[in-house]
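Peer 1: Below is the structure I would like to discuss, written out as C-alpha cells.
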Amino acid sequence: MTDSPAPSQAKQILRRQFLSERLALSAQRRLILDRQLAAQLVRFMAERPGIRVSAFWPFRGEPDLTPALRVLHDAGRRIYLPVLQGQEMTFGRWYPDIAMRPNRFGIPEPQSAEFCPADTLDWVLMPMLAFTGAGARLGMGGGFYDRTFGFLLHSDAGPQPVLVGVAYSLQQAPALPVDRWDVPLSVVITDLGVHECGLSERDPTAS
C-alpha cells in the first residue's frame, strides 16, 4: 500500500495535467470555445447589477475574454484587471486600447492610475486550471487570489464581491484537494453554461 500524496503535491500533479490539456487545444478549437464562453459571460452579466467587475488577461492558454469585456465596458461596467505589487494584488481600471505592460510573470497589466480595492468589487472573474461543481478552484499556485479574497472566509457582513470562475468545460474535475485557505467560487462560467455554487450568499445587491 502506498501513501496518498500530500495536498500540495497532489495540486502540483493536477496543475501539470490540466495545464497540459489546456495548452493542447488547437487554435481553431480555442477560438470556438472563447466565443461560446464570451457569449455565456455577457448573458450572465446582462441579467445582474453591479458596476465594478474584475477580469483577467489571457495567459498560458486561459480563455480570451476581451470581446466580452468590450461589451461590458460599452454597457457601462467598470472593468479592472489584476496588478501585482510584490506579493499583493490590486485592480487597475481597464479600457479598450489602454496601454498594457507585462508584470514579472509576463502577464499584461493595465497602465492605469485608477485602482479599485478588492472589497469594493462587485464581480471577480477568476482564471483557473481546474474547478469542481461545488466551487473548488485550482489556480496556478501563486496564491494571489486566495490572499486577496481571504477575507470572504471570515466575513458575512454587507455586500461582498462575488467570485466567478471562468474556464473551459474540459477543466472540470470530479474532485480537487482543498486547503483551509482556499477561497471557494460562487459561480462557474464555461463554454457550456453557468453553474451557481451559492450565488445568493454573496450577491452584491443583497440588502
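Peer 1: Whats the longest run of the chain with zero GluC sites (Glu not before Pro) that are DSSP loop and have at most 15 other Cβ atoms within 10 Å?
Peer 2: 115-207
Peer 1: How would you order 68-76, 56-64 from highest to lowest mean count of nearby Cβ atoms within 10 Å?
Peer 2: Result, highest mean first: 56-64, 68-76.
Peer 1: Give the calculated FRET efficiency between F115 and S26 to the nearest 0.05, with a Förster radius of 35 Å applied to their Cβ-Cβ distance.
Peer 2: 0.40
Peer 1: Here is a further query. Report the calculated FRET efficiency for Q85 and S8 (r = Cβ-Cβ distance, R0 = 30 Å), to the nearest 0.05.
Peer 2: Values: r = 25 Å, r/R0 = 0.84.
According to the calculation, E is roughly 0.75.
Peer 1: Figure the gain on full extension for R70 and V178 (residue separation times 0.36 nm, minus the Cα-Cα span) and round it to one decimal in nm.
Peer 2: Roughly 35.5 nm would be gained on extension.
Peer 1: Given points 7 Å out from each Cα along the Cα-Cβ axis, report the L153 to F105 separation in nanometres with one decimal.
Peer 2: For L153 paired with F105, the spin-label model returns 1.8 nm.
Peer 1: Considering all alpha-carbon pairs of the chain, what whole percent are spaced by more than 23 angstrom?
Peer 2: I get 44 percent for the Cα pairs in the chain exceeding 23 Å.
Peer 1: Now a separate question. In the Gaussian network model of the chain, springs joining C-alpha atoms below 10 Å, which of L125, L170, L25 carries the largest mean-square fluctuation?
Peer 2: Judging by the Gaussian network model, the answer is L25.
Only the coordinates and a few stated rules stand behind these numbers; no lab work does. Predicted, not measured: the structure shown is a model, and the values here were computed from it. A quick note on method: Cβ atoms are made from the backbone with ideal geometry, for glycine too, and the neighbour counts reach across all protein chains shown.
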